[in-house]
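*Asks:* Pasting in a structure now, in structure tokens, and then I'll have a few things to ask.
The values are calculated or read from the model by the stated rules, or taken from the named source; none is laboratory data. Worth saying up front: this structure is predicted, and the values here are computed from it rather than measured. Positions of Cβ are backbone-derived with ideal geometry, glycine not excepted, and every protein chain shown enters the neighbour counts.
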Amino acid sequence: MPLRIPLGISDFRELREKGLEYVDKSGLLIEMIDREGTKVLLLPRPRRFGKTLNLSMLRCFFEKRPEDLSHLFQDLAVWKAGDAYRRHFQRYPVIFLTFRDVKASTFEGCWADLTRKVQALYDEHRAVLDGGALSALERRNYEAILDGTAEAALYRQALGDLSRYLHRATGERAMILIDEYDEPIHAGFVHGYAREILEFFRAILTVGLKDNPHLERGVVTGILRIARESIFSGLNNLAVYTLLQKTFSTCFGFTEPEVEALLARAGQHDAMGLVRAWYNGYDFGGTVIYNPWSVLSYLADAEPELKPYWLNTSSNDLIRATLKKHAARLGPMLEALLRGDGFETVLDENVALDRVDQSDAALWSLLVFSGYLKAEKRPRGPMAQAAHHLSVPNREVRLIYSGTFQELLEARLRDHGADLHRLLHGLLGGDAALVERQLGAFVKNVLSYHDLGADAANTPESVYQVFVLGLLAALEPGHRVRSNRESGEGRPDVLVLPNEPGQPGLVLELKVARGKRTLEQALDDGIEQVRGKDYAAELRAAGADPVHVLVIAFDGKQLRVRRADADTA
């Protein structure tokens, strides 16, 4: 029987009452309640990793309401954990405010969206207005928000005011749950109204969450931890748990055992290896995490297919634009990512969006916390700043990098005579003459040592290798491109492996004409190197058919290509 997958449903009550598949994340409630001394939590995670559903679960558990919702929790970990947790059940007034889809291109449009959000929130708690707990001035302020005539100051203090009203009306302090707080802030940076939107969020969050005597607990989710000086400077009671920390590490996304259980229930346990390659690869505080949206989307397909579900859910324009803008300057690191090795760096958990163009640390942090890079902590000395090893998490996310390189190259070559698709056709066909013509046009019109920094003159092979990898990235997802990996008895420069048996594979050996060595001599050296070494072993193991071996020799912007026989390479 196929699983009943709740794809796109982020309302916890609806999901549970319909009997849809649910991976128990009530451990979030347990960890939150256990941290009694922590007043406000900020839990940034990548998009579609379960943030909204988790906040909906918190609301159903904590919110005081006339109907009993215990049936939603009785088979979950939090209910089984005992009375210490159940005593908080349906006890508090809850303020739930989401800023999802507040991303207008102008501040005026954004402000209109924000005021409508606050207006809907106040309308939801209209019983406070009708209950006689408000003074005459408070009633006028409340009604001004409801009818849209309120001054800006009332919107900035809306969370603080509403929590006061609810505390007075119910006798319990309010829970404040805020979802996707940073979506309007992203839009502000993209569209040029960052200052205005930061001022609003600094005000509304500070009034609602800092030293608020009417606040029981607060939970804020988003993608990034916006730099403290930008928005959180006044919130000294804020505890931040990014995906780098162990605390709350299993509360968002799916763990390996959770995915194994889902696949087993769906009768697809044999697909675990492929699902792991496509959707695994995240490291949340040392725990292996899968992308939940992609796993559920795969299971929801009538004919399950491994494809980039997560990448297709919303625009990746900001990430693509950022990668394109910095591709030349960050060439060696991007080359390391494309070949599957990665690199080590120090991350800044406070992401300053206005510094992404100037700071490599800010750029890498943006990519990590947005879900486009995996960060694994590396041990260092007691006085050293913690470092992380960054890599592309899985095949799905790798497509954003390969697609970005393809777009970048095609844009730069639009006015030149080179044809990327003809080049790729020649490579997969082992056509040395066609590759020489098309790759020569690419090198002549695009390649420059200046693209990859001052080290290029000392390591010319790396320049060509980065360039070729960028070109070959356009072969994904049908093929996997690997660089400097063990194969046979040596390390070929580049391997192109098919993802399906029966498709062509390619070995590339790159040589540079140094000193008095000519292009022909460099080709001879390359042929001699691959001859006798089974560079094509991994391709044959992957079912590649046919297997092509090409040697490419470079001398500045001149090049020659020669074919080697696969059975002797």
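*Asks:* With respect to Gly267, is the statement that it is outside any helix (DSSP H, G or I) and free of Cβ contacts under 8 Å to residues at least 12 places away in the same chain true? Walk me through it before giving the result.
*Replies:* On the way: outside any helix (DSSP H, G or I): yes; free of Cβ contacts under 8 Å to residues at least 12 places away in the same chain: yes.
For Gly267, the condition - outside any helix (DSSP H, G or I) and free of Cβ contacts under 8 Å to residues at least 12 places away in the same chain - is met.
*Asks:* I'd like to check something: does the stretch 94-112 contain any residue that is modelled with pLDDT of 95 or more, in a helix (DSSP H, G or I) and either basic (Lys, Arg) or closer than 15 Å to Met32 by Cα (or both)?
*Replies:* Looking through the stretch 94-112, none of the residues is modelled with pLDDT of 95 or more, in a helix (DSSP H, G or I) and either basic (Lys, Arg) or closer than 15 Å to Met32 by Cα (or both).
*Asks:* Quick one: which of Leu274, Leu262, Leu215, Leu244 is touching a His at 6+ places or on another chain (Cβ under 9 Å), at pLDDT 90 or above and under 21 Å from Arg48 (Cβ atoms)? Quick ask: steps written out before the conclusion?
*Replies:* On the way: Leu274 fails: touching a His at 6+ places or on another chain (Cβ under 9 Å); Leu262 fails: touching a His at 6+ places or on another chain (Cβ under 9 Å); Leu215 fails: under 21 Å from Arg48 (Cβ atoms).
Selected residue: Leu244, the only one of Leu274, Leu262, Leu215, Leu244 that is touching a His at 6+ places or on another chain (Cβ under 9 Å), at pLDDT 90 or above and under 21 Å from Arg48 (Cβ atoms).
*Asks:* Spot the failing condition for Gly267; the list is (1) at pLDDT below 95; (2) within 22 Å of the chain's Cα centre (by Cα); (3) within 29 Å of Arg480 (Cβ to Cβ); (4) not assigned by TED's automatic domain parsing to the domain that holds Leu205, and only one is missed.
*Replies:* (2)
*Asks:* Would you check which residues across the stretch 272-308 are of a type outside the set (Val, Ile, Thr) and touching a helix residue (DSSP H, G or I) at 6+ places or on another chain (Cβ under 6 Å) and list them? Quick ask: steps written out before the conclusion?
*Replies:* Keep residues of the stretch 272-308 that are of a type outside the set (Val, Ile, Thr), which gives 272-274, 276-286, 290-294, 296-308.
Within the stretch 272-308, Met272, Ala277, Trp278, Tyr279, Tyr290, Asn291, Ser294, Pro304, Leu306, Pro308 qualify.
*Asks:* With respect to the numbered conditions (1) farther than 19 Å from Arg560 by Cβ; (2) outside any loop (DSSP other than H, G, I, E, B), which one is the sole condition not fulfilled by Leu506?
*Replies:* For Leu506, the failing item is (1).
*Asks:* Can you find, within the stretch 337-387, the residue that is modelled with the lowest pLDDT among those that are over 16 Å from the mean Cα position of the chain (by Cα) and part of a strand (DSSP E or B)?
*Replies:* Of everything passing the filter in the stretch 337-387, Arg378 is modelled with the lowest pLDDT.
*Asks:* Find all pairs meeting these conditions: Cβ atoms under 6 angstrom apart; at least six residues apart or on different chains; first residue within the stretch 179-200 and in the same structural domain as Phe96 (by TED's automatic domain parsing) and at pLDDT 95 or above; second residue part of a helix (DSSP H, G or I) and among the aliphatic types (A, V, I, L, M).
*Replies:* Asp179/Leu55
*Asks:* Any chance you could count how many residues in the stretch 60-89 are without any contact (Cβ under 8 Å) to a residue 40 or more places away in the chain, part of a loop (DSSP other than H, G, I, E, B) and more than 21 Å from Leu15 (Cα to Cα)?
*Replies:* Residues that pass the stated criteria total 2.
*Asks:* From the list Asp113, Asp83, pick out the single residue that is in the same structural domain as Glu196 (by TED's automatic domain parsing) and touching a helix residue (DSSP H, G or I) at 6+ places or on another chain (Cβ under 9 Å).
*Replies:* Asp113
*Asks:* Looking at (1) within 26 Å of Tyr22 (Cα to Cα); (2) at pLDDT below 90; (3) basic (Lys, Arg), which is the one condition that is false for Arg225?
*Replies:* With respect to (1) within 26 Å of Tyr22 (Cα to Cα); (2) at pLDDT below 90; (3) basic (Lys, Arg), Arg225 is out only on (1).
*Asks:* Can you give me the number of residues within the stretch 46-84 that are over 21 Å from Pro292 (Cα atoms) and small (Gly, Ala, Ser)?
*Replies:* Total meeting the criteria: 4.
*Asks:* Quick one: Ala150 ticks every box in (1) surrounded by 20 or more Cβ atoms within 10 Å (Cβ to Cβ); (2) assigned to a helix (DSSP H, G or I); (3) more than 32 Å from the chain's Cα centre (by Cα) except a single one, so which number is it?
*Replies:* The failed condition is (2).
*Asks:* Filter the stretch 518-559 for residues that are crowded, with 24+ Cβ neighbours inside 10 Å and assigned to a loop (DSSP other than H, G, I, E, B); which is modelled with the lowest pLDDT?
*Replies:* For the stretch 518-559, the residue satisfying everything is Tyr535.
*Asks:* Tally the residues that are among the aromatic types (Phe, Trp, Tyr), under 14 Å from Leu262 (Cβ atoms) and in a helix (DSSP H, G or I), restricting the search to the stretch 277-303.
*Replies:* Adding up the residues that qualify gives 3.
*Asks:* Would you mention how many residues in the stretch 238-264 are under 30 Å from Ile176 (Cβ atoms), more than 15 Å from the chain's Cα centre (by Cα) and not β-branched (Val, Ile, Thr)?
*Replies:* Qualifying residue count for the region: 9.
*Asks:* Look at the stretch 128-137 and say how many of its residues are of a type outside the set (Ser, Thr, Tyr) and free of Cβ contacts under 8 Å to residues at least 12 places away in the same chain.
*Replies:* Residues that pass the stated criteria total 4.
*Asks:* Scan the stretch 97-129 for residues that are more than 17 Å from Leu162 (Cα to Cα) and among the polar types (S, T, N, Q) and jot them down.
*Replies:* The answer is Ser105, Thr106.
*Asks:* Specify the residue that is nearest to Glu476 (Cα to Cα); the eligible residues are those in the stretch 495-517 that are loosely packed, with under 15 Cβ neighbours inside 10 Å and small (Gly, Ala, Ser).
*Replies:* Filtering the stretch 495-517 for residues that are loosely packed, with under 15 Cβ neighbours inside 10 Å and small (Gly, Ala, Ser), the one nearest to Glu476 (Cα to Cα) comes out as Gly502.
*Asks:* Follow-up. Do any residues in the stretch 524-548 that are farther than 19 Å from Arg482 by Cα have Cβ atoms under 6 Å from those of residues that are small (Gly, Ala, Ser), where the two are at least six apart or on different chains, and which pairs are they?
*Replies:* Sorted first by the residue in the stretch 524-548, then by its partner, the pairs are Ile527/Ala564.
*Asks:* Also: Need the failing condition index for Phe232 against (1) of a type in the set (A, V, I, L, M, F, W, C); (2) in contact with a helix residue (DSSP H, G or I) (Cβ under 7 Å, 6 or more places away or on another chain); (3) under 28 Å from Lys374 (Cα atoms); (4) buried (at least 18 other Cβ atoms within 10 Å of the Cβ), just the number.
*Replies:* (2)
*Asks:* Quick one: which residue in Val435, Val466 is under 19 Å from Val551 (Cβ atoms) and at pLDDT 75 or above? Walk me through it before giving the result.
*Replies:* On the way: Val466 fails: at pLDDT 75 or above.
None of the others qualify; the one that does is Val435.
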